[in-house]
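S.K.: Have a look at this one.
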Amino acid sequence: MSSPEFDEFGTKMLYLTTGQFFDMKEGGDPAGNGQRYNANHKFENYMMIGYFKTGKDQEQIEMKTDGPNHSKCNRGGNFDMDKLWSCMWYEPQLHIDGTVSLGGEWWHDTNRSGLRVDTKKNVEGGIKEQWIGYAVIAYFNSDQHRVIEQWCCKNPFGPDGKPTNNWEMNLRSTENGDGSMFPQTFDHVTIPFPRQPPIDFDPKGREPPRGLEAEIRMHGEHEGHQNPGGTDMKWCRVYEIIPPSSPP
């Protein structure tokens, strides 16, 4: 059964969901460059949506999308190279000044920038040290091409503390297999197209696999592990969605 149009917090569901979800959890700051929030899930089509407060000295907010828990997903990770295509992530990015971009990672320790986007729109006024609604969505369209979207909601709470739902999409990109998003090959391994999200792959060989990792990174905070820079999160989940037949 599909979910209602709004969840119990009053957040508008940008796409129809199946009613299945996982709560996002507060993580740590293992690399010393910003607070993380994350959840594991096994949804092929999904939407991470919720509210985040950006922190002091923060540079951007992004989500590692469509890849597994990344431990051992690097050169020398000691796993079957035929599964190399599993160790890849899209990284939709919203910068503090309001500009948007699409990065990526293949090999965990190698960041890429400037992946092709279909459309993007800057977030007027930026997002410095304020609450925002933030959503990242991934799904297969009717052509079985992977679609990645990023949305933002400025001034997300009204005087009554309830969501305003002023959501606007600021990025969409559709994977067409031409190498302008994920590469066609890397390290002499052919990347399958369409690439299936590696739900059943675990770089550490854990059984059952942990599935995909939705990990929010609040890049650029350098004030320590306990509430670095003053970030916060609330009412945030990863929902399974029903792919839209005609996206907005």
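Throughout, read-outs are computed from the coordinates displayed, never taken from laboratory work. This is a predicted model, so every value here is computed, not measured. Cβ sites come from the backbone with ideal geometry, for glycine too, and all protein chains shown count toward neighbours.
S.K.: Given H placed on each backbone N at 1.01 Å, which residues far from F157 in sequence or on other chains put an amide H within less than 5 Å of it?
M.R.: Amide H neighbours of F157, under 5 Å, 5+ apart: T164.
S.K.: Also, quick follow-up: Using only the Cα atoms of segment 1-131, build the gyration tensor, take square roots of its eigenvalues as a ≥ b ≥ c, and label the shape rounded, prolate or oblate: rounded if a/c is under 1.5, else prolate if a/b is larger than b/c, else oblate.
M.R.: Because a/c hits 1.5 or more and a/b fails to exceed b/c, segment 1-131 counts as oblate.
S.K.: Near the amide H of Q20, under 5 Å away, which other amide H atoms are found, from residues 5 or more places off or on another chain, if H is placed in the peptide plane?
M.R.: So Q20 has HN proximity to E240.
S.K.: By the 4.7 Å beta carbon criterion, which cysteine residues of the chain come out unpaired?
M.R.: Taking the Cβ cut-off of 4.7 Å, the unpaired cysteines of the chain are C152, C153, C236.
S.K.: Follow-up question, since we're still on this one. Residue by residue through segment 112-121, what is 3J(HN,Hα) from phi via Karplus (6.51 cos²θ - 1.76 cosθ + 1.60, θ = phi - 60°)? Round to whole Hz and write x for glycine and proline.
M.R.: 10, 10, x, 5, 4, 10, 6, 8, 8, 8
S.K.: If you don't mind, there's one more thing I want to ask. Sort 87-95, 176-184, 118-126 for me by packing, meaning the mean count of neighbouring Cβ atoms within 10 Å per residue, highest on top.
M.R.: Going by the mean number of other Cβ atoms within 10 Å, highest first, we get 87-95, 176-184, 118-126.
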